[in-house]
Amino acid sequence: MGITKVHGLAILLTAGITGAIWYHHPFSPARDREHAASPAEGSVLCRKTDLDETSLLLPWRQDVLVLTPWLAPIVWEGTFNRDILNAQYLQKNLVTGVVTFAVEKSLRYVQFIEGFMRSANKYFLAGHHVNFYLFTDSPKKISHLQMAPENHLFVIPVQNDRRWQDIPTSRMDIISSYIHSQFQYEVDYLYSVDVDVQLLADIGVEIIDALVATISSWQITSQIENNDHETHPESQAAIPEGHGDFHYSASFYGGSVSEVYKLTRACSEGLMEDRENGIEAWWHHERHLNKYLLHHRPTRLLSPEYYWDTELSPSSIQVKRMCPVRKDSSRQAPETKNVKPLLFTAPLN
């Protein structure tokens, strides 16, 4: 039987999408050649970290969205082969950093350090070299934590801000400053993770890419009818209604050290400008993060598996890799107006 026009179109479409995934994967040689040909930035932050080889995603899941409109992959359980990725990652002798903040005053985040570190030491890039950078205003209260041989914990003292709302503002500035002065010389990739979380399953090298964002777990529910992005027209975080792509969580994001530097520096500048103008965006750095990622789209998206809000029904998620630890505070779930449940392409049984 001959190939019909419809079959031919389907073949071309599949080939095009596969090629896009190949190119956007961090192991792609095409991306290496492009970076090698690109002029170097006028900064020591342009150290090359992309991996050379390629490993395509596994056959696509039919129940979820696995590719963005700009052809960046969305990582779900069942869309990658971690054994292949681990082997390729190890060949590069890369170091990944994790930045987290624990403040004793206000919301008393110090209480979450031991639980976070024990679970991250077990599940975050297990078997690979990871530097954990813990910023805290109470370094003397940190008990000794037994780390895996390949992991290292660095406790960095910081001055506590008077209001807990200022902590996210300061966090972006601190991260960008430390990248410039220290982290760029010590790690190839850097991820920011909230300390009040527990890792429940492996988070491996499938997260590695130039610019990585985690889709909010509230994106897949329509039970909240509020506002997902900052709409105050004078805020630097303002996104006109209907112009956002996904809503990204500020609880887990990262990428290459150079991309995270650009992201945190831009967000910090926006936060400072808003503060000078008497404007404080709701959910602060998350709003500015979403504004930045609208204009600098992520090269890889992590599905809500990678930060799942336990208030939501677990039936739609195969694996919950990281979840927040509930605490007594006035902090509530982010508003999500006009966020449609776009991630699922068919009803789940």
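At a glance:
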quantity: Scan of segment 93-133 for residues that are under 27 Å from Ser256 (Cβ atoms), of a type outside the set (S, T, N, Q) and free of Cβ contacts under 8 Å to residues at least 60 places away in the same chain, ordered by number; calculated: Met117, Gly127, His129, Val130, Phe132, Tyr133
quantity: Leading residue by the ranking (most open to solvent (accessible area, probe 1.4 Å)) among those in segment 96-117 that are touching a strand residue (DSSP E or B) at 6+ places or on another chain (Cβ under 6 Å) and not in a helix (DSSP H, G or I); calculated: Phe101
quantity: Hey, Phe135 within 18 Å of the chain's Cα centre (by Cα) and among the aromatic types (Phe, Trp, Tyr) or not; calculated: no
quantity: Of residues in segment 250-298 being part of a loop (DSSP other than H, G, I, E, B) and either hydrophobic (A, V, I, L, M, F, W, C) or crowded, with 22+ Cβ neighbours inside 10 Å (or both), the one nearest to the chain's Cα centre (by Cα); calculated: Pro298
quantity: Check on Ala201, within 17 Å of the chain's Cα centre (by Cα), farther than 30 Å from Gly270 by Cα and in a helix (DSSP H, G or I); calculated: no
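The values are calculated or read from the model by the stated rules, or taken from the named source; none is laboratory data. Quick caveat, the model's predicted, so the values are computed rather than measured. Ideal geometry is used to build each Cβ from the backbone, glycine not excepted, and the neighbour counts take in all protein chains shown. For accessibility, only protein heavy atoms count, side chains too; no ligands or nucleic acids. Shrake-Rupley method; radii C 1.70, N 1.55, O 1.52, S 1.80 Å.
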